[in-house]
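The values are calculated or read from the model by the stated rules, or taken from the named source; none is laboratory data. Quick caveat, the model's predicted, so the values are computed rather than measured. Because the Cβ atoms are built from the backbone with ideal geometry, glycine has one as well, and the counts that use them run over all protein chains shown. When the accessible area is computed, the model is the full protein with side chains, heavy atoms only, and any ligands, DNA or RNA have been set aside. Shrake-Rupley method; radii C 1.70, N 1.55, O 1.52, S 1.80 Å.
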Amino acid sequence: ALPEGEFRNNLAERDIKTQLSIPMMMGTQCIGFVGFDSINKFHKYVEGEIALLQLFAKMLVNVENRINTEAELNLTNRALEEATARAQSMASEAMSATRAKSEFLATMSHEIRTPMNGVIGMTNLLLETELSEEQKRFAELLKYSGNTLMAIINDILDFSKIEAGKLDLEIVDFNVRLLIEDLAAVFVNQTSEKGLELICTIDPLIPVYLKGDPGRLRQIL
């Protein structure tokens with residue numbers, strides 16, 4: 001029943017009289033055909049033969065699906081193994097960096113604290129000598145600044161607090177007015193060199209003494 005043409009001639013050359021082809025569908029994609037050929041004689045394919053061929057086509061599609069799935073799974077497994085190896089490498093590098101940071105902080109803790117203790121100690125000795133009121137005030141500011149810097153250094157170099165992401169708050173009574181006056185005095189020289197006047201005012205409703213962490217408040221201000 002086929003019209004004259006290349007397809008009919010191709011079948012005739014192989015003495016194919018009747019052919020049944022079933023498409024192998026993977027979703028909406030046709031990945032091929034499977035079929036029966038009747039050689040030398042005409043054959044009318046019955047429903048059982050058609051159903052058998054359709055089942056065979058589905059089996060082949062399932063096999064192809066499994067092959068593709070296994071290939072995708074292998075690719076995924078390889079990608080996962082590579083990602084795991086990269087993660088392990090990064091973790092190893094992070095541990096090395098952490099050890100290096102610990103060693104650095106341990107060294108710097110001693111190297112920085114030692115001269116700072118010397119500055120604070122010499123300032124204390126200076127305050128025990130005969131000084132004018134102005135010199136005494138300057139020495140007291142130097143001591144205040146040294147102690148403030150030492151507190152900051154201790155926070156920076158306290159590795160356990162840095163790693164834990166936690167800095168404990170000190171709860172003590174302190175004179176907030178004196179704290180702000182001392183803090184402002186530290187910056188007076190810097191502002192005066194720029195031709196500016198630094199003025200600090202405190203709300204009269206704020207009590208003279210507060211309970212909290214003066215060091216943290218000083219850092220914020």
- Message: Quick check: pseudo-label points 7 Å beyond the Cα along Cα→Cβ at residue 97 and residue 199, how many nm apart are they?
- Response: 4.9
- Could you pull the accessible area for residue 123 with a 1.4 Å probe, rounded to 10 Å²? 0
- Task: Output the relative contact order of the range 1-144, whole-number percent, from Cα pairs under 8 angstrom with separation of 6+ residues.
- Result: 14
- Given labels modelled 7 Å from the Cα in the Cβ direction, how far is it in nm from residue 156 to residue 107? 1.7
- Query: Computed over the Cα atoms of the range 1-129, what is the ratio Rg over Rh, Rh following Kirkwood?
  - Reply: 1.73
- Item | aspartates and glutamates whose Cα lies under 12 Å from that of residue 143, excluding same-chain neighbours fewer than 8 positions away | 182
- Note on the structure: With every protein chain kept in place and a 1.4 Å probe, the chain has an accessible area per residue in Å² of 75
- Applying 1/(1 + (r/R0)^6) with R0 = 25 Å to the Cβ-Cβ distance of residue 217 and residue 129, what FRET efficiency is obtained, to the nearest 0.05? 0.20
- Task: With a 1.4 Å probe and every protein chain left in place, tell me how much accessible area residue 217 has, in Å² to the nearest 10.
- Result: 50
- Note on the structure: Between the Cα axis of helix 133-157 and the main Cα principal axis of the chain, the angle (0 to 90°, nearest 10) is 20
- Query: Per 10 Å bin from zero, what fraction in whole % of the C-alpha pairs of the chain is there, up to the bin with the longest pair?
  - Reply: 6, 15, 16, 10, 7, 6, 6, 7, 8, 8, 8, 3, 1, 0
- Message: Loop only by DSSP, 15 or fewer other Cβ within 10 Å of the Cβ. Give me the GluC sites (Glu not before Pro) in the range 60-132 that pass, ordered by residue number.
- Response: 128, 130
- Kindly state, to the nearest 0.05, the FRET efficiency for residue 47 paired with residue 71, given R0 = 41 Å and r defined as their beta-carbon distance. 0.70
- Are there trypsin sites (Lys or Arg not before Pro) in the range 11-104 that DSSP marks as loop and that have at most 16 other Cβ atoms within 10 Å, and which are they? 14, 41, 44
